[in-house]
Amino acid sequence: MTAPHTPSAWWRSAVVYQVYPRSFADGNGDGIGDIAGLRARLPYLADLGIDALWINPWYPSPMKDAGYDVADYRAIEPLFGTLAEAEALLHEAHALGLKVLLDIVPNHCSDQHVWFQQALRAAPGSPERDRFVFRPGKGVNGDTPPNDWVSEFGGPAWTRTTNADGQPGDWYLRIFAPEQPDFNWDNPDVLAEFETTLRFWFDRGVDGFRIDVAHGLVKAAGLPDVGPRSLPAHEDAHHPHWDLPGVHAIYRAWRKIADSYADPRIFVAEAWVHPGDRLARYVRNDELHTAFNFDYLVAPWRAEQLRASITGTLAAHAQVGAPATWVLSNHDVAREVSRYARPQTAAPLRWLDDLLSQPADFALGLQRARAASLLMLALPGGAYIYQGEELGLPEVEDLPDAVLQDPMFAQTGRKSRGRDGCRVPIPWEGAQPHFGFSPPTSAPPWLPQPAAWAALSVSAQSGVAGSTLSLYRQALQLRRSDIGLGGYGLQWLPSPEGTLVFSRGSGFVCMVNVSAEPLALPAGAKVLLNSGALDAQGRVPADTAVWLQTE
Ligand code: NOJ
């Protein structure tokens, strides 16, 4: 029987730290982060005050999409280490009180996956090909793609194969890069294979999975053209390859597997769907546990939009009894310091490409990002912190073309700068790159770090009053204490336009000033933590948040 969303379960209010393994810490000196580096830095994460890690894909991969092209779901990429090291990491993290979530990629695999290689060698209509989405092309010679679907990385969503006799053959669907063929989730082999993979990692003690492209697995019968659409894909309830009702049966089956363990395992969905009601369908009682709330991530720093996102998310999740999950950044979007450094119009900000033409004030961006982190960590539910967020790292906006690796860059004909700017290895210590990312004499980091990051390194900020790292440490410590952030209620309090003020528990108040006017504290309030200095009259200035204990 499926366990209900237990009110006291750890994941309902967990703070999860996202480790992007190739950029977190390099243990073997090849300039690419790995499991050895991560193991050595586990004490840092435990000390930060998080509850769990989510590790981006660490499986064998040709790295055409930074590991999201998985060649073998039940092994470790040699660049990152070995299965024995992964098991040791799980053991060590658990000993420090940290849960570990992995990343599962069920929509597509690598074109080097054994199944896809078998499918390419097999005949059209064969069982091997049925595990993927092969179709003949249109037109006299079949040289037009089977439908009009477009890749998320640019260009058509189809790649044509070559038959054994050298003649052009059928096409296969790949919503992302050509090297990422989509699975056919109508094929029972696919369901069985992923269930085996879940158990493989759960049996080794993995506490859960983040599900990549969770809304994409099922495609509309007959693969109809998208045609002209009035809504953006993620808002379109009738899109032929996003958010189809069939995905929910898959997650019900996965939930049963997760619940079959004595200490039930959990899932978090990466599902870019809109509005909140549709997202909430993924976190019904017998489906997934949590889902990233991207509506909040892309919301500009404007009080009304933030308030609407928070209110809408909480209401939608309440309908199904699931907690909300807040996130400000990840390895796919421009870092929030750089997003908030730009003029905040009503339009959502997501990619570096959205920012480049806009004037930037990075000091302001950091000030807002610090306030945003106190707002996020005061909200009911779980929160995700992307590595380097606790250091206040900005997006690296000027990486030279020659080092860019994200397939978006090439696939858009170099129009999009892609996502490498948020994936630069993080600075640990020292005056110059590689800033302790690797052992002393090592290959340079796989992406170059800006020299200015010396001031943002972990050691430069540790123990420094007012640093962003100190702010995160204090916030996470307070969140775990008894100040009232444990439950799920949130009460908006009356406040001037452009401000967000709410209470939680008994006496905790969070005030966020998104307006230009200073905001007075309630009489008798005790300041627990503030994201920036209060003004001479003890008021909260613009772009600043405070946590208070009131009577
Ligand atoms: C979402 C992942 O977060 C992203 O990095 C990846 O490129 C796509 N899914 C495809 O797997």
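The values are calculated or read from the model by the stated rules, or taken from the named source; none is laboratory data. Because the structure is predicted, anything quoted here is derived from the model rather than measured. Note that each Cβ is placed from the backbone with ideal geometry, even for glycine, and that neighbours are counted across all protein chains shown. Remember, those area values only see protein heavy atoms, side chains included, never the ligands or the DNA or RNA. Shrake-Rupley method; radii C 1.70, N 1.55, O 1.52, S 1.80 Å.
Laid out as a table, the results:
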| quantity | calculated |
| --- | --- |
| Residue identified as closer than 13 Å to Leu38 by Cβ and either within 20 Å of the chain's Cα centre (by Cα) or in contact (Cβ under 8 Å) with a residue 12 or more places away in the chain (or both) among Leu90, Leu101 | Leu90 |
| Residue among Pro106, Pro146 that is under 26 Å from Tyr251 (Cα atoms), open to solvent by less than 30 Å² (accessible area, probe 1.4 Å) and touching a residue at least 60 places away in the same chain (Cβ under 8 Å) | Pro106 |
| Test result for Phe267, within 16 Å of the ligand (Cβ to nearest atom), buried (at least 16 other Cβ atoms within 10 Å of the Cβ) and under 24 Å from Asn293 (Cβ atoms) | yes |
| Scope the range 472-508; condition modelled with pLDDT of 95 or more, open to solvent by less than 20 Å² (accessible area, probe 1.4 Å) and in contact with a helix residue (DSSP H, G or I) (Cβ under 9 Å, 6 or more places away or on another chain); matching residues | Tyr472, Ala475, Leu476, Gly498, Thr499, Leu500, Phe502, Arg504, Phe508 |
| Pairs where the first residue, in the range 532-549, is over 14 Å from Ala369 (Cα atoms) and the second is at pLDDT below 95, C-beta under 9 Å, 6+ apart | Trp547/Ile483; Trp547/Leu485; Leu548/Gly507; Gln549/Ile483; Gln549/Gly484; Gln549/Gly507 |
| Some residue of the range 306-318 being surrounded by 21 or more Cβ atoms within 10 Å (Cβ to Cβ) and either part of a strand (DSSP E or B) or aromatic (Phe, Trp, Tyr) (or both) | no |
| Residues (open to solvent by 40 Å² or more (accessible area, probe 1.4 Å) and not in a loop (DSSP other than H, G, I, E, B)) located in the range 457-469 | Ser459, Ala460 |
| Subset of the range 403-428 that is open to solvent by less than 50 Å² (accessible area, probe 1.4 Å) and of a type in the set (Gly, Ala, Ser) - its residue that is nearest to the ligand (Cβ to nearest atom) | Gly418 |
| Given (1) more than 15 Å from the ligand (Cβ to nearest atom); (2) open to solvent by 30 Å² or more (accessible area, probe 1.4 Å), number of the condition Pro178 does not satisfy | (1) |
| Those helices (runs of 4 or more DSSP H) lying entirely in the range 40-142 with at least 1 residues hydroxyl-bearing (Ser, Thr, Tyr) | 42-48 |
| The listed residue being in the same structural domain as Ser338 (by TED's automatic domain parsing) and either on the phi > 0 side of the Ramachandran plot or touching a residue at least 60 places away in the same chain (Cβ under 8 Å) (or both), out of Ser457, Ser438, Ser416, Ser442 | Ser457 |
| Set Ser457, Ser462, Ser438: member being over 13 Å from Gly31 (Cβ atoms), in contact with an Asp or Glu (Cβ under 6 Å, 6 or more places away or on another chain) and among the polar types (S, T, N, Q) | Ser457 |
| Leading residue by the ranking (farthest from Glu287 (Cα to Cα)) among those in the range 238-270 that are among the small types (Gly, Ala, Ser) and assigned to a loop (DSSP other than H, G, I, E, B) | Ala262 |
| Residue selected from the range 413-449 under the condition of a type in the set (S, T, N, Q) and out of contact with any Pro (no Cβ under 9 Å at 6 or more places or on another chain), by the criterion farthest from Ala460 (Cα to Cα) | Ser416 |
| Residues that are within 16 Å of Gly466 (Cα to Cα) and among the hydrophobic types (A, V, I, L, M, F, W, C), drawn from the range 511-539 | Val527, Leu528, Leu529, Ala533, Leu534 |
| Qualifying positions in the range 483-509 - assigned to a strand (DSSP E or B) and under 13 Å from Arg307 (Cα atoms) | Gln491, Trp492, Thr499, Leu500, Val501, Phe502 |
| Qualifying residue in the range 326-349 (condition: within 16 Å of the ligand (Cβ to nearest atom) and either modelled with pLDDT under 95 or among the acidic types (Asp, Glu) (or both)) | yes |
| Criterion (closer than 30 Å to Ala46 by Cβ and part of a strand (DSSP E or B)) met by exactly one of Trp446, Trp453, Trp547 | Trp547 |
| Check on Ala431, modelled with pLDDT of 95 or more, away from the ligand (no atom under 16 Å from the Cβ) and part of a helix (DSSP H, G or I) | no |
| Sole residue being in a loop (DSSP other than H, G, I, E, B) and either open to solvent by 40 Å² or more (accessible area, probe 1.4 Å) or among the acidic types (Asp, Glu) (or both), chosen from Gln344, Gln358, Gln367 | Gln358 |
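Residue-by-condition table, conditions (1) buried (at least 17 other Cβ atoms within 10 Å of the Cβ); (2) out of contact with any helix residue (DSSP H, G or I) (no Cβ under 8 Å at 6 or more places or on another chain); (3) not acidic (Asp, Glu):
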| residue | (1), (2), (3) |
| --- | --- |
| Gln167 | no, yes, yes |
| Arg174 | yes, yes, yes |
| Asp182 | yes, yes, no |
| Leu231 | no, yes, yes |
| Asp243 | yes, no, no |
| Arg252 | no, yes, yes |
